[in-house]
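J.: Below you will find the structure I want to go over with you.
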Amino acid sequence: MATAMGSVRRLLMAPSLRDVSFAGRGFPVTETAATRQLEAIPQAVVAGFEWGIESRDLWETERRLSLVDPQVQGFAYEGATMASVIRDALPGRGGRTRALLEGAGRRHIFLNYIGIGFAMAKLPRPLWRKVMPDGLDGEEFYPPMSWLAVDGYGFDRAYFDPARWVDGQRPDTPYAWDGHPDYFCRAVDQGIGRALWFIHGAHVGQVSAAVRRFASGRAPDLWAGVGLAAAFAGCSTAVELAALRAEAGELHAHVAQGAVFAAKARHFSATVPEHTRTALHALAGITVEAAAALADAAAPGPDAAGGVPAYELWRRTVREKLPTHTRQAFLE
């Protein structure tokens, strides 16, 4: 049952389903069956947010989320996690986000981190130090992947204000996430790259042109975000995905790395749609199962930090290991 305070929070913070539609955002997208499928993803996030912000208890939120189509359930969890973080930020509140991530939402942990980033986009920076719940340092929570929260923040900035963050290519102000302020803007760019896939309705030519309009130094992270979105969200054919790989040119390994992380997230959630398998073959030349195993094998150890975030070391190792896998797959 929704609470009165929950309804107020929803009205103040949640966009409508029309607001997140491609037409509502004013994105240059020609409506097709594929783009309608893609458009349903941000709408699932909004639905999850509304349930998370209004529900009196966590059981009700989880019960509603359990009724969502498995292929988009993770996106609804993004919204519910965003709502939990915002609720926990209120005076006298706390613990809801941790309970959600430790409960039925655990298998969507990668998308839950992105949902934390969506909340960051709505909260003042002084509150960011409290958005990540304590106690999520076990291996099953993939702590280095908490950088996906910054990715989610970057996605939100670009999706809701493309004039500033995409057309204007505004660089963000560094923030010492996980003690690495110098890496913050790179993780933001990974989220912006994901957003480009949605802003241009998965149109390979338009997405590629958008990446190339950015400064060349930002391209690797943007391409990685594109690859993650293409593999996780889908909405492209094998031929279009092959064209995407070609468009990335010498940076194709970054697209493939993003696709591997998407496959790992899908595999971990035990929900792997056919479009993810198609994307992995086209972008990285491997199966989803091989990609998940590669991601696990490349994961940094507890002593691997140093001056570079463990998350970035993970991404580098995946790229380094990919060429062998890719050559073998295409020779078969």
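J.: For the chain, what does the helix formula give at 222 nm: sum of -39500 (n - 2.57) over DSSP H segments with n ≥ 4, over the residue count, nearest 500 deg cm²/dmol?
T.: For the chain, the value works out to -20500 deg cm²/dmol.
J.: Leaving ligands, DNA and RNA out of it, report the carbon-plus-sulfur percent of the accessible area of the range 52-91 at a 1.4 Å probe.
T.: Working: 870 of 1570 Å².
About 56 percent, which is the carbon plus sulfur part of the accessible surface.
J.: If the elastic network links every pair of Cα atoms under 10 Å, which of Gln43, Gln169, Gln190 fluctuates the most in the Gaussian network model of the chain?
T.: Answer for the Gaussian network model of the chain: Gln169.
J.: Which value, in Å², gives the accessible area per residue of the chain when a 1.4 Å probe is used on the protein heavy atoms?
T.: Ligands and nucleic acids excluded, the result is 42 Å² per residue.
J.: Compute the distribution of all C-alpha to C-alpha distances in the chain, in bins of 20 Å from 0, and list the percent of pairs in each, rounded to whole numbers.
T.: 34, 60, 5, 0
J.: Given a 1.4 Å probe and every protein chain left where it sits, what share in percent of the accessible area of the range 106-174 is carbon and sulfur?
T.: Carbon and sulfur together cover 50 percent of it.
J.: Now for a separate question. Select from Thr237, Thr271, Thr61 the residue whose mean-square fluctuation is largest in a Gaussian network model of the chain (Cα-Cα springs shorter than 10 Å).
T.: The residue with the greatest mean-square fluctuation here is Thr237.
J.: Using alpha carbons only, how many angstrom separate the centre of the range 191-233 from the centre of the range 27-64?
T.: That distance is 22 Å.
J.: At each listed q (0.14 Å⁻¹), what is the log10 of I(q)/I(0) that the Debye formula gives for the range 195-245 modelled as equal alpha-carbon point scatterers?
T.: For the range 195-245, the Cα-only Debye profile gives -0.29.
J.: Still on this model: Convert each backbone phi in the range 203-220 into a coupling constant with the Karplus relation 6.51 cos²θ - 1.76 cosθ + 1.60 (shift: θ = phi - 60°), then list the ³J(HN,Hα) values in order as whole Hz, x for Gly and Pro.
T.: In residue order, the calculated couplings are 7, 4, x, 5, 4, 4, 5, 5, 4, 5, 6, 7, 4, 4, x, 8, 4, x Hz.
J.: Would you please classify the overall shape of the range 239-305 from the alpha carbon gyration tensor, given that a ≥ b ≥ c denote the square roots of the eigenvalues, rounded means a/c under 1.5, and beyond that prolate means a/b larger than b/c while oblate covers the rest?
T.: Values: a/c = 2.86, a/b = 1.32, b/c = 2.17.
Oblate is the answer for the range 239-305, as a/c is 1.5 or above yet b/c matches or exceeds a/b.
J.: First select every other residue whose beta carbon is under 15 angstrom from the beta carbon of Val131; then total the charges, Lys and Arg +1, Asp and Glu -1.
T.: Summing Lys and Arg as +1 and Asp and Glu as -1 gives +2.
J.: Same structure, new question: Per residue, how much space in cubic angstrom lies within the convex hull of the C-alpha atoms of the range 154-306?
T.: Working: hull volume 17.8 nm³, N = 153.
Dividing the Cα hull volume of the range 154-306 by its residue count gives 116 Å³.
J.: Express in Å², to the nearest 10, the accessible area of Tyr175 obtained by rolling a 1.4 Å probe over the protein heavy atoms while all chains stay in place.
T.: The value for Tyr175 is about 50 Å².
J.: Under a cut-off of 24 Å between alpha-carbon atoms, report the lysines in cross-link reach of Lys264, not counting same-chain residues fewer than 8 places apart.
T.: Excluding near neighbours in sequence, the set is Lys321.
The values are calculated or read from the model by the stated rules, or taken from the named source; none is laboratory data. This is a predicted model, so every value here is computed, not measured. Every residue, glycine among them, receives a Cβ derived from its backbone with ideal geometry; neighbour counts consider all protein chains shown. These area figures cover heavy atoms from the full protein model, side chains too; ligands, DNA and RNA do not enter into them. Shrake-Rupley method; radii C 1.70, N 1.55, O 1.52, S 1.80 Å.
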